[in-house]
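Here the structure is laid out as C-alpha cells; the discussion comes afterwards.
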Amino acid sequence: MNKIGIIGAMELEVETLKEKMKINNIVKKASMDFHEGSLNDVEVVIVRSGIGKVNAGICVQILADLFHVTHIINTGVAGSLNPSIDIGDIVISTDAMYHDVDATVFGYQPGEIPQLGQREFIAEPSLIALAKVACEDVNPDIHAFSGRVVSGDQFISDKAVKERLVNVFEGFCAEMEGAAIAQASTLNHIPFVIIRAISDKADESAEMDYPSFERKAAADCAKLVAHMIQKI
C-alpha cells in the first residue's frame, strides 16, 4: 500500500493539508512533528521540515527509516528564474540540482557533489504527469511548467545571482530545500517530485513580493498535492 510523505519547509506550506487530514499519530523526531494519518483516503505523513538543505535531507531520511514512505512530494514556494514563469504560476520538477556546490577546481561540474556520480536528481515521471493533470483539475487558471529546480542555502534576491542560476544551471525556479530532498530520496530509492508555486521573481523585487504572495502560492500548491495523491 502506498504511503506518501509530504514535506513543506514552512508551516504555511503544510497547514492546509494538515487541517484536511485525519491525524492518527504525531511523532516528534529531530525537532520535527510528523503527522501520520490519511488525506483523501490516502495514507500520508505530513511534516514541516524547516528551512534549508540539512533540515530537508534529515526529514527525508526519517520518512524513509521510520515511516517507510513509498513516495515523497515536496510542496512549497520558490522564486522564478524564467521570464515566462510569473508570480502565481507553478513549477513541477523534472530534476533538481544544487547551485551552491562548487568543486570545479577538481574537475567537477558546477553543482556536482564530488564522488557522488551524478549532478542532477531526476524526478519520477509518473508523479510529474499526475501533478500536471492535478493542476489542470484544481487550478485551471494557473500555468504549470515542468523544469529544473535549483537549490541552495540562499534566498535569491539579486539580478546578477539570478542570471548565473539561469546561465549555468538552466533553472526554472530557485529555493532552499528541493535538491536535498531529491538527493535523499534518490539515495533511498524513493520516487519523488517537487512542486513549487512562484512567490517572487528572485530579483531585487523579491523582498517586496514574497510576503505578499507566499500564502496564496503555498495554498495553491497544497491544493494540487491533495488532489494528485488520490491518483498515485
Legend entry - Under-5 Å amide H pairs with Asp200, H placed in peptide plane, nonlocal only: Ala78, Ser80
Legend entry - Given 15 as the ceiling on other Cβ atoms within 10 Å, longest exposed-site-free region of the chain for GluC sites (Glu not before Pro) in DSSP loops: 1-169
Inset, instruction - Quick one, could you list the DSSP H helices from the chain stretching 30 Å or more along their long axis (Cα atoms) with average Kyte-Doolittle hydropathy of -0.5 or above? - result: 206-228
Inset, instruction - Per DSSP H run of at least 4 residues, take -39500 (n - 2.57); add these up for the chain, divide by its residues and hand me the 222 nm value, nearest 500 deg cm²/dmol. - result: -11000 deg cm²/dmol
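How much length is gained if the chain between Ser31 and Val105 is pulled fully straight, taking 0.36 nm per residue apart and subtracting their Cα-Cα distance, in nm to one decimal?
23.0 nm
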Inset, instruction - Using a cut-off of under 16 Å, list every residue of segment 51-83 whose amide N is near the label point 7 Å from the Cα of Asp153 along the Cα-to-beta-carbon line. - result: 51-59
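How would you order 122-134, 216-228, 144-156 from highest to lowest mean count of nearby Cβ atoms within 10 Å? The partial results should precede the final answer.
Working: 122-134: 18.7, 216-228: 23.1, 144-156: 21.5.
Ranking the peptides 122-134, 216-228, 144-156 by packing returns 216-228, 144-156, 122-134.
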Legend entry - Cα-based radius of gyration of the chain once divided by 2.2 N^0.38 Å, which approximates compact folds: 0.94
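Would you mind getting me the FRET efficiency between Thr70 and Val138? Use the beta-carbon distance for r and R0 = 30 Å, nearest 0.05.
On the way: r = 23 Å, r/R0 = 0.76.
Between Thr70 and Val138 the formula returns 0.85.
Explain nothing, just the number: relative contact order of the chain, from Cα pairs under 8 Å at least 6 residues apart, as a whole percent. Present the calculation step by step, with values, prior to reporting the outcome.
Numbers: 555 pairs, mean separation 65.0, N = 232.
After rounding, I find 28 percent.
Can you give the % of DSSP beta bridges in the chain that are antiparallel, to the nearest 5?
Working: 20 of 48 bridges.
Antiparallel bridges: around 40 percent, rounded to the nearest 5.
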Legend entry - segment 1-75 - Debye-derived log10 I(q)/I(0), Cα point model, q = 0.16 Å⁻¹: -0.47
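Read the figures in this text as sums done on the coordinates, not as results from a lab. On a predicted model such as this, the values are computed, not experimentally measured, just so you know. Virtual Cβ from ideal backbone geometry, glycine too; neighbours counted across all protein chains shown.
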